[in-house]
1. Given the residues ALA141, ALA110, ALA129, ALA85, which is the only one that is closer than 23 Å to LEU60 by Cβ, open to solvent by less than 50 Å² (accessible area, probe 1.4 Å) and free of Cβ contacts under 8 Å to residues at least 24 places away in the same chain?
2. Condition test on LYS51, is it free of Cβ contacts under 8 Å to residues at least 40 places away in the same chain and more than 18 Å from GLN91 (Cβ to Cβ)?
3. Restricting to the stretch 302-342, and then to whatever is over 23 Å from GLN409 (Cα atoms) and acidic (Asp, Glu), can you tell me which residue is modelled with the highest pLDDT?
4. Return the residues of the stretch 264-283 that are among the β-branched types (Val, Ile, Thr) and open to solvent by 60 Å² or more (accessible area, probe 1.4 Å); say none if nothing qualifies.
5. Would you please name the residue that is farthest from GLY284 (Cα to Cα), looking only at residues in the stretch 245-263 that are open to solvent by 10 Å² or more (accessible area, probe 1.4 Å) and modelled with pLDDT under 95?
6. Looking for whichever is surrounded by 19 or more Cβ atoms within 10 Å (Cβ to Cβ) and in contact with a Ser or Thr (Cβ under 9 Å, 6 or more places away or on another chain) here; the options are LEU19, LEU60, LEU28. Which one fits?
7. In this structure, is SER205 closer than 20 Å to ASN266 by Cβ, buried (at least 20 other Cβ atoms within 10 Å of the Cβ) and of a type outside the set (A, V, I, L, M, F, W, C)?
8. Within the stretch 289-310, count every residue that is out of contact with any strand residue (DSSP E or B) (no Cβ under 6 Å at 6 or more places or on another chain) and crowded, with 16+ Cβ neighbours inside 10 Å.
Amino acid sequence: MVGESLPEFNYPKDVLQPLLSASNSSSLQQALEILIKDSRAAVGHAELASKNILPTVLKLVESLHRASSREYFMQATKLLRNLCAGEVANQNSFVEHNGIETVLTVLRSAALLSDPDFGLIRLSLQVLANVSLAGAEHQQAIWLKLFLNEFFILASIRSLETSDPLCMILYTCCDGKPGLAIELCRDPGLPIVAGIIRTVASVGSREDWFKLLLSRLCLEDIHFPALFFKLCEGNASEDRGNTALGDNAFSSEQAFLLRIISELLNERINEVRVPNETALCVLGIFKRSVSIVDFGARAKSGLPTGSTSVDVMGYSLIILRDICAQDGLGDLKKDSVDVVDLLLSNDLTNVILSLLHDLEPPAIIRKTLKDSENRELNLGSTKLCPYKGFRRDLVAIIGNCAYRRKNVQDEIRQKSGILLFLQQCVTDDDNPYLREWGIWSLRNLLEGNAENQQIVADLQL
């Protein structure tokens, strides 16, 4: 064969000849280059499907894997990946010709090396990810072969290259078959997702599959509590926060998970209704963090701050803020409780009001009090904002809760909170948009409530 340089590989005629014929070339190297290029376009892999080339490529992958020729092997795997991208005939042929077992053999050998071959693992996972898009039957076939052990091994690899396609497979399978999400988020499957979260927290991600997976599991489903507490087990992180400040109650991965969930919820605030279990869990996390955070140092930055406990408190507060903005989103089942009412019944208002009352007033009011003989407005505060924006987020929660909820309006008045919220309608360098949130909150506290309006009128007099 002209141009061949692969002495350890004996070319079976039933493998080589169809590839040379399909590419109209004279060497394997040239054939692979041409076929990879052709298979990138939909019309190309459709034409190759009509020639039933995929079984031949699978045989080539098996032969090259045994021959330990990485260069040709990578090219053959790329071709296999492209052929399985969006072409149902090829996806079906892949499963029918034991393609999952072939790729799984490759994955095992690449992942178990002392120095894992990240490039090959990524390509192999991309093959399976493309096949998983074909539907529930293909997803089930992949799941049965890789769950539990193979997924666990792959999730433990700390690589940006491999985590994205792994998340794609898991998301596609769980989204197509909800029962698989339950398997994944209960023991013994839970360490798989925990491992992925730790990997992404450590090395990051380039694609959206990680966020799609977490959104599916934590916002559209009820698995957030299990995942959050799993991240605190074992050696969740080498850096468990600033232990000198007692900042070791939460792991950095838990703070990272809350950060991602807060971003996802904010992006999809009009699309998803947060499960009651998740909302109550976040409230519990917030309450616990409040008892841990040191409020004695003035904030130097917004989130993230570098303090695990402050970040946990801040991101859980932001999640609660956005949950309380989801007024009437989604259909309530019979006898179910609205998520905001559930939070209110679990002491949300008291916790937020207590914190807001204990904070020192905004800078402009502190200056006014300092220059004034009238000390009655001084709240005798002892707490400082632990991050820039903390006061704003507290105000925002009450503002969102008070929207068309007379019980909240009345509760704030009965706890002498109207004057407190009037004090929040000012600009503050440590709390961007505090004035806007303060005005929004005051508006919601006064709307349709004559008693609250009268208090403000009396203050003006």
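1. ALA110
2. no
3. ASP311
4. Selection gives nothing.
5. Top of the filtered list is LEU245.
6. Of LEU19, LEU60, LEU28, the one residue that is surrounded by 19 or more Cβ atoms within 10 Å (Cβ to Cβ) and in contact with a Ser or Thr (Cβ under 9 Å, 6 or more places away or on another chain) is LEU19.
7. For SER205, the condition - closer than 20 Å to ASN266 by Cβ, buried (at least 20 other Cβ atoms within 10 Å of the Cβ) and of a type outside the set (A, V, I, L, M, F, W, C) - is not met.
8. Count: 12.
The values are calculated or read from the model by the stated rules, or taken from the named source; none is laboratory data. Just so we're clear, the structure is a prediction, and the values are computed from it rather than from any experiment. No Cβ is skipped: glycine too gets one built from the backbone with ideal geometry, and neighbour counts run over all protein chains shown. Side chains are part of the model used for accessible areas, which takes the heavy atoms of the whole protein and leaves out ligands, DNA and RNA. Shrake-Rupley method; radii C 1.70, N 1.55, O 1.52, S 1.80 Å.
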